[in-house]
Each structure stands twice: as C-alpha cells, then as structure tokens.
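In what follows, a structure is listed as structure tokens, so that the remarks can point back to it.
The values are calculated or read from the model by the stated rules, or taken from the named source; none is laboratory data. Here the structure is a predicted model, which is why all the values come from computation and not from measurement. As a convention, Cβ positions derive from the backbone with ideal geometry for all residues, glycine included, and neighbour counts pool all protein chains shown. Keep in mind that these areas ignore ligands, DNA and RNA; they rest on the heavy atoms of the full protein, side chains included. Shrake-Rupley method; radii C 1.70, N 1.55, O 1.52, S 1.80 Å.
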Amino acid sequence: MELPEKLLKPYNPKETEERIYKLWEDSGFFNPDVCVKKGVTKENAESFSIVLPPPNVTGNLHTGHALMLVIEDIMVRHARMTGKKTLWLPGTDHAAIATQAKVEKILEKEGVRKNDLGREEFLKRVEKFAKESHDTIVNQCKKMGASLDWSREAFTLDEKRNLAVRTAFKQMYDDGLIYRGWKIINWDPKGQTTISDDEIIHEERKTKLYTFRYSKDFPIPISTTRPETKLGDVGVAVHPEGKWKKYIGQLFSNIEFAGTKLIIKIVGDEEVDPEFGTGAVGLTPAHSLVDWEIAGRNSLPRHPIINEFAKMVDTGHLTEGKKTTEAREIVVNWLKENNLMEKEEEIKQSIPTAERTGGIVESLPKLQWFVDVNRKIPSRGNKSLKELMLEPVREGKIKILPEHFEKVYFNWIENLRDWCISRQIWYGHRIPVWYHEPICIPKTGKEDLVGKCLEMIVSAEKPTCKYCDAGYIQDEDTLDTWFSSGLWTFSTLGWPNQTEDLKNYHPTSVLETGHDILFFWIARMILMSQYLLGEVPFHNVYLHGMVRTKDGKKMSKSLGEKAIDPLDIIAKYGNDALRMAMIVGNTPGNDLKLDENDIRGYGKFANKIWNAARFVLEQTKNLNIKNMPKLDKEDKKNDEELQKILAEVSKEMEEFKFSIVAEKLYHYFWHTFADIIIERSKKKIIENNNADSARNLLLSHLTTLLKALHPFIPFVTEEIWQILLPRRKVGEPTGVSTLMVEKYLDD
RNA sequence: GCGGGGUUAGCUCAGUUGGUAGAGCAAUCGAUUUACACUCGAAAGGUCGGGGGUCCGAGUCCCUCACCCCGCACCA
C-alpha cells in the first residue's frame, strides 16, 4: 500500500483541520444517538454529559473560551473512547444586560438612542446582533475542534428555555420563594436598571471623610463621605451604651440644613460601632441598607432624595435636580460657610460600580422581585434554598476541583442575601407576571364586578380576564440573566418536559468553567436544580483559571482588544499545538500564562508525530495486521511499559489530571517511542535481526499512542488514523470510521 | 476586616497516601543530511520564601514570620 503524498511533507494543520472537523461532523458521532444507532456505543452504556457553559452572544470567543473548549473536549473525547454514551451539549447565552449594553453602544455611534427606537424595534436590533454573534461563536467552536452535538444546540432565550423560565418562576412564586418587595436595591444609573450584589465591582478610590454638625446646637458630630445624602437624614443612631447614650430619644426639628429643613431623631441601635468615627451615624434610610433597617426598627420615615438618574429630589432650592456630585460640593461649601464643618480627611474607599456599564451604583428603595434564600420549603424537606445549595457540596454529592473552592463556596453562601432578579432592561426573559389594565368594565355590565380582577397574576401563560376584553399586561421588567442560566443543565435537556434526554443525561457528569463565575452561575445552578428537580445539576465541578498573557495580564472579554485571538494562534501553529500549550502545566484553579513559544514547541510535537507515523507506516506497509509477528524479549519489555503507562493514564484521566497525562504521553512518545524504539528498530530492520518484532512494536505503539493522544491533539492523530485505516479495515464493510469513536481497549 | 491561594531550576509550572527533587522552554557542549523546515547525544542548573516543631525520614504534616495574588464585605 502506497503512502499518500501529503505524508512526505511536514504536517500541515491548516490544510488538515477543517477537513477533519467536517469528517467528524458528517460522521454524526458527536450525537450519542447516532453512536448507539451505528453500534459504536452500547445502548445501555453508562452516560457522560457536559453542558457547554454558553458563551455570551456579545461578540467573539477569547482565549478563556478556548481553554474551556479544550478541557471539555478532552473529557468528552476520552469518555466517548471509553465507550460511554457521551453528550456535550452546546448553546449560547443571551447575557441580557451585557448584550443590551453592547448594542446600545453600537447604536450610540450611529447616533441612535434606544428610547427613540422603542422596545420592539430595539429588541429587533439586539436580536440581529445576537444572531451574528451566535454564528461567529459556533464557527469558532468548530475551529477549536469541539466535538459538540450541534443537533441539540440551545439558546438561553429561545422558546424552550423561555417555557422553562416561566415554569420555574411560577413554581417558585407558588412556594413563596419569589416575592415582590419594596427594598433597597443596587441601582445602576448608567444602565438604568437594578443589579444584583454580585454584579457590583468595588473600585478603590481616594475620597474625603467629612466630619460636621447639622447645626450649631446639634450635640453630636457626624462623619460622612457623602455629604449630599445628609439632605435626606431623618435621625442619628448611636450605640445604646456608648458615650452619646444620654441623647437617645431627643428630637431636633426644624434644622436649617443646606437649603432644606431636617427633623432628626436620636435613636439607639446595636448596629452602631461606638469606637468608629464619632460614634454616631447619620441616618439616610432610603440610600443605605443599614440605615434602612435601623430606620425600620425605630419607625423613622424613609423617603428617597436621589432618583434613578442620580439626581437630587426633594432636597430644597440649593440642590434640587442637581447631580449628586454637584450637590456634594454645594453641601460642603454650605457647611464651611456656616462653620459647621469640623474636619476633612483623605481616606481610601471602595466605590461600588456596575460590572457591565461602569456606572456608580446608588442604593435606592424600589419595588422589585426577589428570591428568598432563607424561606423553608415544605416540598424539599423544609430546607431553605441556602441549605439546598450547601448540602450537596458538604455531603460530597458535588465535588469541586480544586477542592479549596468548596470553602470559598461555603463562605459565599453563608453570607448570601435575597437575590434581586428583576431588571429594568428590555433584552431578556420578561417576568411572567400579569397586571390587569387600569379599568375593567365587565361585559355583563354588572358594576359590582369592577375591581374583582385587578389582582396580579403569576402565570406561565398570558391570562385572560373573565369579565372584560381589556385583559392583562405583562410586567415590564426582565429577569436577571443568571435566572435562566441557572436552569441550564436541565432546560437544555427539555425540562419542564420529562424527556428521554433528561432521564439519560441529568445530573450531568461535569460542569467545567472558569472560577470567576462560581457564584454567579454554579451556585445558581445548584439552587435551581436542587429545588426544581430535587437533584444535583452535576457531580463534579472543574474550575479552570484565567488565561493571562505572558506578562500576567488577564485576557478577558472586557479587555477584548488586548487579548490574543485563539484563531490567529491556530492559523499560525495549528489547533493541536494550542491545545497542548493550554493543557500542559495547567492545573485546575490556577491561572495559565499563555506563551507563544510554548505553542510553537507543541506545533513541533504534532510534526514529530507526523514524521514518526511516516516512518512507521513506511516500515510496516507489508505487515499483516491480522496476524502480527511475535515480539522479542526486548520489544516485549517496551510493550509492557506502554501498557503500564496506559493504566496510569486511564486512572489519571478519571481524576481530571490532564496536565500530567498530556505531559506523560508527550514525553513517552518523543523520548521513548521516537528516540529509543524507532532508533532501535532501524538497526533491527537493516540487520534483519528480529525485524518483524520491531515492525510489530512500531505499529502497535503508534496505534495505541494515537488513541491515547487523540483527546489532546485530535486533528493530527485523526489525520494519521485515516491514512492507517484502510489497513485495519481490510475486508470490513466501508462506512465512516474515525479515531474519535475507537475504543482505547479493543473489546 | 473576613475568607482563599501562592512562594520549587534563568522562565512557566508539575510534584497524587511523608520515602534520594521533575517536565517544558531557555541557556552550554558535542554529533548529524537523518522518519524529523531540524533532530540526536551529553552535561549543567534547586539548603523547595525564612525560622521552629513532629518523625527513622518533611517540598509534602503542624506552628510562626515575611512577601505576593485573588475573592467577599466594607463601616457611617
């Protein structure tokens, strides 16, 4: 059998990769159903499933995604080759606020504002953008060699996922886990929406701490970093046993303060640290969570003085309608002019900013939807959502890798507060709550029915009014994007329908993602699955680190321009090279410094395999594969050594030690197989001394190593396999056959 | 402040239950037209952050100090 001409040249990944991916795709073997149907996987085989963490439809994939795809593809390919019924389910994430912000930015450049377009038209623009991003992402996943089952692809905002969201919301509402409440929330004035605690990034800045008195006769000095908020003060809280104790209960009315009148009551509250600052807190109930609670305990009014645009309202003629920053200056000047300012100090403070827009977050009281994480749930053994999240990790039903993130996870949950899930943005799942039109005029004309249908209805479907034609309108708000992401492990498998997929593939085997979304996403998935399905969403969590540039900078989506494009690297060195560089020396949880030099080095490895294959195929072309000659003593020793390595490697693959396996195989291939075995075989073949034993060892080693290496470097191994294949399949029926579905161990 | 992590060869990092310190890259010397747009061989390189403890034995377990990184909460 003659060798193809391409084998005589250096390995050319560019020419190979696209063709090979198409071969895989056409084979249908990414889909486990096809594997079963064509007999490469047993019907009753153990299943292995991973849902792809859906990339945001905000643009391109970056190196972090590439790392994710590589690690997951390795797990999936390995599982498939060990005979498991293997599903890797792809999808994309609508990423509500992130995508909306991105499209708004694009429109801004065109001089268009979203409010001018209106909700419907704006959403069309977002959807168009999302579609384009989606197509790019899918294409990039394919370039990465990801063996994803595209026939099951999902989107967090498609019809099926919307049904899942509405169903989940309704059930949670009925169980009292979702409620609507008037509470202090985080407001992003730039994005014009609420955000959750997790979407805040604290930025350290220098700021001034002012110490002042409300008036000359006010007995207690107050410190603040935000003097403008003092226009909304209604009280001063001191520790019940502190030095200001004697003033508790006193009321100071008609205080002239920077253009407004204040009524300040002095209250005692345990929350106040008597040692800190002046030992007294000026209470601005509407704009501080702590103050809100203290005010509640002491029956103080809680009126807002900052609006959604971060402007002052109801604060008197000096500051009315001014931006908070302007108002601050005015108040500071007023205090100085009236000799009420006692001290100014420079301090470091961290300012809350919105993750997506960078806007400075204000605390405002608003009517929003929340998930109650502490309420006991009768249908779940009277446990709260918090407990349902803690339990499986505590009990080892979910294992997190690296293990120390379990502690981080516990720490986060223990400090968890109710989750604000409503957002005032347009792109996302609309809240499935319906309010009646303002007027209900009963068709029967019976006046006594008016108003009977004015209540709010929580429903997965649009309700109709029994009495009138006006009907119901849906809540304007959308849900936090992580609400739908939380359902991802089962919404993708068909839930709320009890599908075969759900039965076969849930709980999923592994959830692999970056450690930066442990709270955002992993915790929410555990919450949703534990509550809605009564089971864990996955058995293992594998957290990878952040990909950094050589000098340690994070290659993230927010620093998009600076990041290396994985596709450029692939074009230059090949996919296999990038994959090896991402795996060797990378352990879970640790950041990966991606160095082009390393990638180049692994490109040479692919070529080394290619050349070794050329030699082996040339030397063994007349070998009868069905009747292999016996190994001599020397060769047998190597055969045993390889078997030993394979046994180790199998174990290590199960333990997610991909770095060790990749390194071990690399080393064995190069420094034992190529340097020792091949070199020795040359001598044996030339001298015709046990030449057939040598040939046998060459071919069996190559075959075995191609299989073992395939999950790591699928392209070059498959390409060689396709050349090797006709010899293995002599006399067998033709059909698509790929290394991808070969078994590690022949049955 | 609370929590987590790191410190091992020039660089990037492995090091599984404690048993003589490893890989890749870089650098050094030598060989070579070869399956190899190179590759092969050889040698070199580390008191495993400092100090203390447990142990026959510690990079690994315990205590302590130093420096660095990352979360979370931020305090009026």
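Taking only alpha carbon atoms, chain A gives an Rg to Rh ratio of 1.08, where Rh is the Kirkwood radius. What chain A shows is 45 Å² of accessible area per residue, with the surface traced by a 1.4 Å probe over protein heavy atoms. Between residue A:59 and any residue 5 or more places off or on another chain, the built amide H atoms are never under 5 Å apart. With all protein chains in place and a 1.4 Å probe, the accessible surface of chain A carries 50 percent carbon and sulfur.
Within chain A, which whole H helices from DSSP have a Cα span along their axis of at least 15 Å and a mean Kyte-Doolittle hydropathy of 0.0 or more, if any?
Going by DSSP H runs, the hits are A:63-81, A:691-709.
Which of the residue pairs A:143/A:651; A:399/A:657; A:85/A:143; A:190/A:366 have a Cα-Cα distance greater than 20 Å in the structure shown? Beyond 20 Å: A:143/A:651; A:85/A:143. Computed from point charges on the beta carbon alone (+1 for Lys and Arg, -1 for Asp and Glu), the dipole magnitude for chain A about its Cα centre is near 920 Debye.
A cut-off of 5 Å between modelled amide H atoms, ignoring neighbours fewer than 5 places along the same chain, links residue A:418 with A:373. Reducing the range A:572-616 and the range A:381-440 to their Cα centroids gives an inter-centroid distance of 39 Å. Label-to-label distance for residue A:203 and residue A:106 is 2.5 nm, based on points extended 7 Å past Cα in the beta-carbon direction.
Would you work out the relative contact order for the range A:481-524, in percent, from Cα pairs under 8 angstrom that are 6 or more residues apart? Computed over the range A:481-524, the figure is 51 percent. In this structure, residue A:117 and residue A:376 have a Cβ-Cβ separation that, at R0 = 45 Å, corresponds to a calculated FRET efficiency of about 0.50.
In a fully extended conformation the segment linking residue A:470 and residue A:131 would gain 118.5 nm over its present Cα-Cα distance, using 0.36 nm per residue. Loop-located GluC sites (Glu not before Pro) in the range A:303-398 (DSSP state not H, G, I, E or B) with no more than 12 neighbouring Cβ atoms inside 10 Å: A:395.
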